[in-house]
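**Q** The structure that follows is given in the form of structure tokens.
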Amino acid sequence: MTARVWGLLIALSILWGGSFFFIGLAVREWPPLSIAASRVVIAAIILLPALHLLGRRLPRDPAIWRACLVIGLLNNVIPFTLIIWAQGQIPSGLASILNATTPIWTALVAHVFTSDERLTPNRILGVLLGFAGVVAMLGPDLLDGLGHNVPAQCAVLLATLSYACSGVYGRRFRRMQVEPIVVATGQLSLSSLVLLPLALLVDHAWLLPLPSLQATAALLALGILSTALAYVLFFRVMAAAGSNVNLVTLLVPVSAILLGVLVLDETLSARHLVGIAAVALGLAAIDGRLLRWIRPAR
């Protein structure tokens with residue numbers, strides 16, 4: 001992974017770091033399916049004209065559309081619905097800890113289904129270090145909630161497994177030579193066609209009260225920033241680094257904490273520094289840099 005790819009991954013972590021906050025605001029007033037549907041519909045409405053302005057076209061090959069449908073189910077429909085439902089029952093911090101298990105699942109799925117992303121001691125050490133860093137940053141008190149609302153916690157874990165499968169499955173778009181913005185637009189458009197009818201059927205959205213200005217702003221930010229823009233970056237990183245794109249879930253808590261310090265004047269504690277250091281070492285181990293630092297070339 002080059003410095004440019006790491007930079008895109010950090011930018012993606014900032015965009016997705018805000019999604020937990022936006023969902024936390026929206027879920028107070030809207031049911032999960034309606035939020036998930038609004039998220040992908042808003043993103044698709046943004047990306048479809050953007051694609052045209054950039055002189056790109058939606059694919060015509062049915063094989064590409066089938067792949068977009070599968071990635072849309074794995075990347076949007078399944079995890080969005082599960083995580084949003086779970087966030088109505090468990091704290092956002094605990095949800096983000098469970099979400100940080102995505103690289104663990106990704107490493108296992110990639111080991112089974114790929115030939116070039118096998119489990120190595122570096123990779124295992126890096127994932128475990130990164131996950132320990134996330135737990136340290138968010139605080140051990142959040143783990144007190146483990147064992148309560150087990151169905152909601154299992155829902156987040158199932159969502160992370162879905163993300164892991166999407167990270168491995170999405171590698172085929174590079175072989176198909178499909179541009180990242182085209183993949184993002186295609187999968188969000190198809191996700192909209194799946195989620196919007198479901199939301200209307202299950203939630204009876206036309207009977208829901210109009211959301212407050214705060215909830216509306218949260219939905220718009222969720223769709224525009226944490227979905228439309230984020231997925232363009234996501235598929236760009238995936239094209240360059242394969243399933244390593246799911247390492248972003250380790251960076252999301254780091255971005256959230258640093259943004260809190262820079263923007264909200266929050267305090268950076270010792271456990272935050274320890275956690276950030278553990279995440280950094282974990283990412284360096286996965287990338288292979290840690291071993292090169294320990295055993296420099298002679």
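**Q** With respect to GLY282, is the statement that it is over 20 Å from the mean Cα position of the chain (by Cα) and either at pLDDT below 75 or buried (at least 19 other Cβ atoms within 10 Å of the Cβ) (or both) true?
**A** Spelling it out, it is not the case that GLY282 is over 20 Å from the mean Cα position of the chain (by Cα) and either at pLDDT below 75 or buried (at least 19 other Cβ atoms within 10 Å of the Cβ) (or both).
**Q** Identify, please: which residue in the range 124-145 is at pLDDT below 65 and over 12 Å from ARG271 (Cβ atoms) and is, among those, least open to solvent (accessible area, probe 1.4 Å)?
**A** GLY145
**Q** Now a separate question. From the list LEU190, LEU219, pick out the single residue that is of a type in the set (A, V, I, L, M), open to solvent by less than 70 Å² (accessible area, probe 1.4 Å) and touching a Cys at 6+ places or on another chain (Cβ under 8 Å).
**A** One residue alone meets the criteria, LEU190.
**Q** Going by the conditions given, is ALA67 in contact with a Lys or Arg (Cβ under 7 Å, 6 or more places away or on another chain) and open to solvent by less than 10 Å² (accessible area, probe 1.4 Å)?
**A** When the stated conditions are applied, ALA67 passes them.
**Q** If you scan the range 243-258, which residues turn out to be among the small types (Gly, Ala, Ser) and open to solvent by less than 10 Å² (accessible area, probe 1.4 Å)?
**A** SER243
The values are calculated or read from the model by the stated rules, or taken from the named source; none is laboratory data. Here the structure is a predicted model, which means the values were calculated and not measured. Reconstructed Cβ throughout: ideal geometry from the backbone, glycine too, with neighbour counts over all protein chains shown. To get the accessible areas, we keep the full protein, side chains included, count just its heavy atoms, and leave off ligands, DNA and RNA. Shrake-Rupley method; radii C 1.70, N 1.55, O 1.52, S 1.80 Å.
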